[in-house]
Amino acid sequence: MSEAGVSEQERAEADMLRVSNLEKRFGGIVAVDGASFEIERGTITGLIGPNGAGKSTVFNLITGVYNPDAGRVIFEGEDVTGLRPYQLVDRGLVRTFQISRELSGMTVLENMLLAFDDQLGESLWRTVVPGVRRSIVEQERALLERVWETLELFEIDHLAHEDAANLSGGQRKLLELSRALLTDPEMLLLDEPMAGVNPTLEKKLLERIHELRSQGYTFLLVEHDMDVIMNNCETVIVMHQGRVLSRGSPEEIQADERVIEAYLGGEI
């Protein structure tokens, strides 16, 4: 069916995330000025723009770090505007950060186990009641199995007992992404996932992202590396001065004179 023959309802069902007229001001500074876009489910979308374009603020508005002054965030057909980050994680909307936020005093394995909510062993009374301890042990065994499977997927299982403080920048990014995956997300928002990552680990990260996308996960990436964006995203959204300047395929974005003038300053 052609795009013209697709109904509004069908388009809405294809979109996992819809951002409508988001606005955010900090004092007299307008950081986001009526930004609107959609993210189609099962895709990798890039969000780019010059410093100060509003990308990080939009990320923070979508993921509940900030409350918007106006506009809405619709995730899986539900208005989630203003929900707190943990509430969004429960709904399957999960983000990572430009600077990895692992707990450096804990091992990789311990950091991974923090991803799980409502662990039975967190309740003191359950740990001492004989009839309940068995369920705790069984749950811990199941969670550990999931952790090891995920560590193996990201090829960092050999670092399981290493203190997170000793990891390289790229290894920390792998840890953060693998930990995010344990929260059972529907959509992952990745903030500068390739920053500080060497080429070998960058290739590994991108391979995992594409593998997860093929399994039905949806990604939105803020990334300054244009090669990463143009070679890995189906759709690219360009922000400029708090607004969405352009949206299209990598080829369309590279040919858009407005983008070249406002951001790229020449050929990509």
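The values are calculated or read from the model by the stated rules, or taken from the named source; none is laboratory data. Because the structure is a prediction, the values reported are computed rather than measured. Cβ placement follows ideal geometry from the backbone for every residue including glycine, while neighbour counts extend to all protein chains displayed.
Among the residues examined, R101 does not qualify as modelled with pLDDT under 85 and in a helix (DSSP H, G or I).
Taking L188, is it under 20 Å from E149 (Cβ atoms) and under 13 Å from the mean Cα position of the chain (by Cα)? Walk me through how you get there before you give the answer.
Working: under 20 Å from E149 (Cβ atoms): yes; under 13 Å from the mean Cα position of the chain (by Cα): yes.
Yes, satisfied.
When the range 36-82 is filtered for residues that are more than 15 Å from V94 (Cα to Cα) and among the hydrophobic types (A, V, I, L, M, F, W, C), the ones remaining, listed by number, are F37, L47, I48, A53, A70.
The set of residues in the range 145-174 that are touching a Phe, Trp or Tyr at 6+ places or on another chain (Cβ under 8 Å) and either small (G, A, S) or buried (at least 21 other Cβ atoms within 10 Å of the Cβ) (or both) comprises A160, L174. Within the range 201-212, can one find any residue that is assigned by TED's automatic domain parsing to the domain that holds T45, modelled with pLDDT under 90, within 15 Å of G46 (Cβ to Cβ) and under 14 Å from the mean Cα position of the chain (by Cα)? Yes: one or more hits. Give me the residue from the range 8-24 that is surrounded by fewer than 16 Cβ atoms within 10 Å (Cβ to Cβ) and at pLDDT below 95 and, out of that set, nearest to L220 (Cα to Cα). Looking at residues that are surrounded by fewer than 16 Cβ atoms within 10 Å (Cβ to Cβ) and at pLDDT below 95, I get A14.
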